[in-house]
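Scroll down for the structure; my scribbles are underneath it.
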Amino acid sequence: MDARVQQFMAMIKAKNPGENEFHQAVQEVSESLIPFIEENPKYKHAKILERIAEPERTVIFRVPWLDDKGDVQINRGFRIEMNSAIGPYKGGLRFHPTVNLGILKFLAFEQVFKNSLTTLPMGGAKGGSDFDPKGKSDNEVMKFCQSFMTELFRHIGPETDVPAGDIGVGGREIGYLFGQYKRLKNEFSGVLTGKGIEWGGSLIRPEATGYGATYFAQEMLATRGESLEGKTVCISGSGNVAQYATEKVTELGGKVVTLSDSNGFIWDPKGIDREKLNFIMDLKNIRRGRIKEYAVKYGTEYFADQRPWIIKCDIAMPNATQNEINREEAETLVRNGCICVVEGANMPSTIEAVEVFLNAGILYGPGKAANAGGVATSGLEMTQNSMRLPWSREEVDERLRIIMQNIHSTCVRYGKQDDGFINYVKGANIGGFVKVANAMVAQGLV
Ligand code: NDP
Ligand code: 2IT
């Protein structure tokens, strides 16, 4: 590691003890940014990197609620308001038992760069709770969401901070959260995105992250004269991002052969077609069951407690969670002929796995660029809310496509090496940084 990065990381680790995922995200970004900042002293003098790694505000709160048995439950709620230099705080809420301060700080940090890359005016934030929606009734989820919003509402607003979904937070949860906000504030506003289509949501927002990541893959592949047509694709996860990535990849001629959840993965060498995807959508979004049921229904193989990266593929799309591809798995993917890794999830590859991809010279699209279509379409939802005018499916999809093309161009602009190789990590980090850094310099010491 570069000595300057080492010194900076020692400071970050001392200030944020035990927050491993946050350290990882900051290290990856600072490896790109520190050399760039050396060449641009105005950022160095203003200590932009040091400031960008310190949240503007962190809110942590108690979330008490009554379960169906009448027992009291207590969870912890968080909102990390990381950076508002270029717009109101914006970013998702994650409900998962593993949620802690370090995980949400890494996500909020990534969000700052990602939101900047979209070209829309959105600052960066993330929030959530260690609440586990699995096995909870609709009534329990509603009770929890109402209690969570009873504290969160005083910290957010359509011009201040606009949350959305992430792991464990989909349309159902956004509905309950919105209902409680409206009741507490007596105001109907665009305070959340991912809303239902009848009450201020945007068409294509549910599809946007998976579609956007697929559009980004198309752009990457095109730089090598390739396309998705006929490609075998391994996808992890089976939630929002995985489902719509499967839909779009299939539509564009690719064959998705794996999907997973936290218990294991299914391998369907024939490919997951429309009918099979409908089964998964019902299984995951309505019945809230396990992916194993797919293997039972379609007679395919199920690999308990394993991840899909052992399966031979041309393209890998990690769409589940952070650190789901380690060094060995990255080596297996490369050895098996994988030419492109495109991240629908946030930081799914460890630092060592990223090194493997870059050293192998394959197309590697980091999450903050590749999965930015979700938050970009949240930005488009905010625009429609402000105008009080909804756009058609075609209009939103076309804007999403253009935004993903622009993000790709930004990555090329800042990440293309002299030998022609596009380092999308460097491109996304610097491309996301410049706008935020310039805004911070212009706004003085705040
Ligand atoms: P969902 O909750 O809809 O789905 C998450 C999927 O990932 C499920 O299949 C889940 O399995 C699996 N998963 C979650 N945690 C783990 C874990 N610790 N180990 C193994 N599998 C796990 O979430 P999304 O699809 O919305 O999010 C997926 C990823 O995409 C996340 O990294 C998120 O931050 C990122 N993302 C999401 C965006 C969005 O708009 N939704 C936008 C940009 C990025 P199980 O059901 O067993 O928990
Ligand atoms: O990680 C992400 O970009 C999201 N979960 C979406 C955030 C948003 O505000 O739409």
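Every number here is computed from the coordinates shown, using simple stated rules; none is lab data. Note that the coordinates shown come from a computational prediction; the quantities given were computed from them, not determined experimentally. Quick reminder, even Gly has a Cβ in these numbers, built from the backbone with ideal geometry, and neighbours come from all protein chains shown.
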Can you compute the charge dipole magnitude of the range 73-160 about its Cα centre, using +1 on each Lys and Arg Cβ and -1 on each Asp and Glu Cβ, nothing else charged? Give it in debye, rounded to the nearest 20. 100
Translational D in µm²/s for the range 97-246 (Stokes-Einstein at 10 °C, 1.306 mPa s, Kirkwood Rh from C-alpha pairs): 92
In this model, which of LYS69/LYS136; LYS90/LYS368; LYS69/LYS143; LYS368/LYS416; LYS312/LYS416; LYS248/LYS312 are farther than 23 Å apart at the alpha-carbon? LYS312/LYS416
Beyond 16 Å, how much of the Cα-Cα pair distribution for the range 218-328 remains, as a whole percent? 55
Sorted by number, the cysteines in the chain with no other cysteine beta-carbon under 4.7 Å are CYS145, CYS338, CYS340, CYS411
Between the range 247-263 and the range 174-202, the alpha-carbon center distance in angstrom: 31
For the chain, with only Lys/Arg (+1) and Asp/Glu (-1) charged at the beta-carbon, what is the dipole magnitude about the Cα centre, in debye rounded to 20? 820
What ranking do 141-150, 15-24, 38-47 get when scored by the average of other Cβ atoms within 10 Å per residue, highest first? 141-150, 15-24, 38-47
With the dipole of the chain worked out from charges on the C-beta (+1 for Lys and Arg, -1 for Asp and Glu) around the Cα centre, which of LEU107, SER262, GLY225 lies farthest toward the positive end? LEU107
Classify the range 294-441 as rounded, prolate or oblate, taking a ≥ b ≥ c as the square roots of the eigenvalues of its Cα gyration tensor: rounded when a/c is under 1.5, otherwise prolate if a/b is larger than b/c and oblate if not. oblate
About its Cα centre, the range 258-397 carries a charge dipole, from +1 on Lys and Arg Cβ atoms and -1 on Asp and Glu Cβ atoms, whose size in debye to the nearest 20 is 400
Using per-residue counts of other Cβ atoms within 10 Å, averaged over each peptide, order 196-207, 376-387 from highest down. 376-387, 196-207
Sort the following peptides by mean Cβ neighbour count (other Cβ atoms within 10 Å, averaged over residues), highest first: 156-166, 421-431, 276-286. 421-431, 156-166, 276-286
Contact order relative to length of the chain, as percent, for alpha carbon pairs under 8 angstrom and 6 or more apart: 16
For a test of the definition: using alpha carbon positions, the gyration tensor, and the 1.5 limit on a/c, classify the chain as rounded, prolate or oblate. rounded
Would you list, by chain and number, the aspartates and glutamates whose Cα falls below 20 Å from the Cα of LYS297, excluding same-chain residues fewer than 8 positions away? GLU247, ASP261, ASP268, ASP273, GLU275, ASP282, ASP305
